Each structure stands twice: as C-alpha cells, then as structure tokens.
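These notes are about the structure you will find just below.
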Amino acid sequence: MKHVEFLTFDNRDALSEALADSVADTLQSGAKENGAASLIVSGGSTPKPFFQALKAKPLAWDKVTVSLADERFVDVSSDDSTEKLVREFLLHDDANYVSMAPISADETLDEGCVRAEAAFQKFPMFDTVILGMGEDGHTASLFPHHPALVEGLKLDSQRLCLPITDSPKPPPERITLTAAAITNCRQLILHITGDSKRDVYDNVLTVADAQQHPIYAFIEQTRIPLTVYWAA
Ligand code: 6PG
C-alpha cells in the first residue's frame, strides 16, 4: 500500500515521543495557518503515554480543539469515559474540547449523537486524527460486521457521527465518527502497540476485508495517507 507508512519504534516511550513531536508539528502549523487546530484522539489502554508526551509539548493549546474518534456514552465521571481519560492525561486548561458524553442523565444516545454531529459540522476538516485498533480489527466504534458499517465506512457519507447501541466491546452505547469524518483530515495515524496487535495488523492486510476488519477501510482508502506507529 503506497499510501500507508508503517513506522516501528524500539519501545513505547520512543513511539510516544515521536508521535507527540509529529502531532505537535501538525497542530502548530494548523494553528499558525488557520488560527485554530483540531486533534481527534481515541481511547482504550494504548494512548495514555502518548497523551502525557503530547501534553508536555509547548503548543498554542488555546488554539487547539480536542475531541474523540468515538466516545463510550457514559457519564464523564465513569472510569469507562474516554473524556475522563483525555481530561486527566492530555487536555490543557486553555484548550477547547468537544464533548460526546451525555450532557445529562436524561439525554438519549440519539440526542447526544445529534449534538455531536452539529458540533463536528463546524470543522471544515480536522488537523490530526489518531485511531486505535482492537484485537478484532475494529477502530473507533466501527465494529466487524456491524450494521452501522453501511453508513460508517462510506467515504462520501454526509453523516459525521453514528450512534452504536450494541458494541461488542463494553460499554454497549457509544458515539462514533464515520470514516467520512475521520478521513477528512490533514494527518491520519494508527497507533498500535504489542506483538499481538502487530499480528492482527498483518492479518488485516492479508484478509483485506473492511467488513471483517473495519480498520482495513482506513488502510485501503486513498483520500489521506495513513501512518502506522507501532512498538512491541
Ligand atoms: C475504545 C476505543 C477503541 C480503541 C481500541 C483499542 O473505546 O476502547 O474506541 O476503538 O481505540 O479498542 O483499544 P486498546 O488501546 O485498549 O487496545
């Protein structure tokens, strides 16, 4: 795949530093050229050291808006909340944040998704999007063989967000960005660590089926180059 670059690092700290440098460069140039920059990150266990490395970078954080490729639709006080993780390890006080978490205990998933969609419509494009990948080949909350993939993987979809009610990875209710939204960016990254994720990635390339492994949609698309950051 000519438009996919696979970068291997000696260890996870070296990966986190290199990724933080690269993302900081993109955000800084976006902020300089457009007066504002946007960063979309993923949750899970992988990104924490990268969040800490990026937070330490001297950036014009007041010009940066941070949000998520997907959110677990739970209160921000929950340990399942990706917003909680981002607020703890990445977000500067003066940075902006687009929340995909419920605004009240009464807000439904569909209402939250409409709110997130309206917030993301304000971005002409994102500067940086960082994806993760699950052992089943999912990315964001785009899961294998899920009905949401019909709209979720359509690169020309008008939808930026989709509600997910039955995520195979708990918690079940989530809001995910679509592939159309994710690929509308200046820098697209897949961040994976560990030998087993490397094996999954190799298998994803061999099987070459985005229904089975939604991450493949981002590997095969040519709208934006993909850079994979991997360390054992
Ligand atoms: C989540 C993320 C999910 C994550 C991958 C990788 O809510 O967990 O949306 O897409 O990025 O599952 O997660 P790990 O880093 O924990 O392996």
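For segment 66-81, which residues satisfy the criterion of being part of a strand (DSSP E or B) and either surrounded by fewer than 20 Cβ atoms within 10 Å (Cβ to Cβ) or among the charged types (D, E, K, R) (or both)? Break it down stepwise before answering.
Going through segment 66-81, the residues part of a strand (DSSP E or B) turn out to be 66-68, 70-72.
Residues satisfying the conditions are ASP70, GLU71, ARG72.
Would you confirm whether any residue within segment 85-93 is under 30 Å from THR206 (Cβ atoms) and surrounded by 19 or more Cβ atoms within 10 Å (Cβ to Cβ)? No, segment 85-93 has no match at all.
Rundown of residues vs (1) within 16 Å of the ligand (Cβ to nearest atom); (2) at pLDDT 95 or above; (3) not in a loop (DSSP other than H, G, I, E, B), yes/no style:
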residue: LYS32; (1), (2), (3): no, yes, yes
residue: GLY43; (1), (2), (3): yes, yes, no
residue: GLU83; (1), (2), (3): yes, yes, yes
residue: ARG87; (1), (2), (3): yes, yes, yes
residue: LEU91; (1), (2), (3): no, yes, no
residue: SER99; (1), (2), (3): yes, yes, no
residue: ILE103; (1), (2), (3): no, yes, no
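Search segment 135-168 for residues being within 21 Å of ILE192 (Cα to Cα) and out of contact with any Phe, Trp or Tyr (no Cβ under 8 Å at 6 or more places or on another chain), and hand back the single one that is surrounded by the most Cβ atoms within 10 Å (Cβ to Cβ). Walk me through it before giving the result.
Narrowing segment 135-168 to residues within 21 Å of ILE192 (Cα to Cα): 135-144, 153, 167-168.
From what is left, the residues that are out of contact with any Phe, Trp or Tyr (no Cβ under 8 Å at 6 or more places or on another chain) are 135, 138, 140-144, 153.
Numbers: GLU135: 11, HIS138: 21, ALA140: 31, SER141: 29, LEU142: 28, PHE143: 23, PRO144: 17, LEU153: 21.
Checking each candidate, the answer is ALA140.
Just one of the numbered conditions (1) within 12 Å of the ligand (Cβ to nearest atom); (2) closer than 18 Å to SER99 by Cβ; (3) among the hydroxyl-bearing types (Ser, Thr, Tyr) is not true of SER38: (1). Within segment 165-183, the residues that satisfy the criterion of being within 25 Å of ASP127 (Cβ to Cβ) and in contact (Cβ under 8 Å) with a residue 60 or more places away in the chain are ARG174, ILE175, THR176, LEU177, ALA181, ILE182. For segment 51-100, filtering for residues that are over 15 Å from the mean Cα position of the chain (by Cα), within 18 Å of ILE189 (Cα to Cα) and of a type in the set (S, T, N, Q) leaves 1.
One residue stands out in segment 184-199 among those that are crowded, with 19+ Cβ neighbours inside 10 Å and within 15 Å of the ligand (Cβ to nearest atom): the one that is farthest from THR8 (Cα to Cα), namely LEU188. Identify, please: which residue in segment 117-134 is among the aliphatic types (A, V, I, L, M) and buried (at least 19 other Cβ atoms within 10 Å of the Cβ) and is, among those, nearest to GLN211 (Cα to Cα)? Across segment 117-134, the extreme among qualifying residues is MET133. Among the candidates LEU19, LEU15, LEU27, the residue that is in a helix (DSSP H, G or I), away from the ligand (no atom under 16 Å from the Cβ) and modelled with pLDDT of 95 or more is uniquely LEU27. Residues considered: GLY137, GLY152. Of these, the only one that is within 17 Å of GLY44 (Cα to Cα), of a type outside the set (Lys, Arg) and within 14 Å of the ligand (Cβ to nearest atom) is GLY137.
The values are calculated or read from the model by the stated rules, or taken from the named source; none is laboratory data. What you see is a predicted model, and the numbers here were worked out from it, not measured in a lab. A quick note on method: Cβ atoms are made from the backbone with ideal geometry, for glycine too, and the neighbour counts reach across all protein chains shown.
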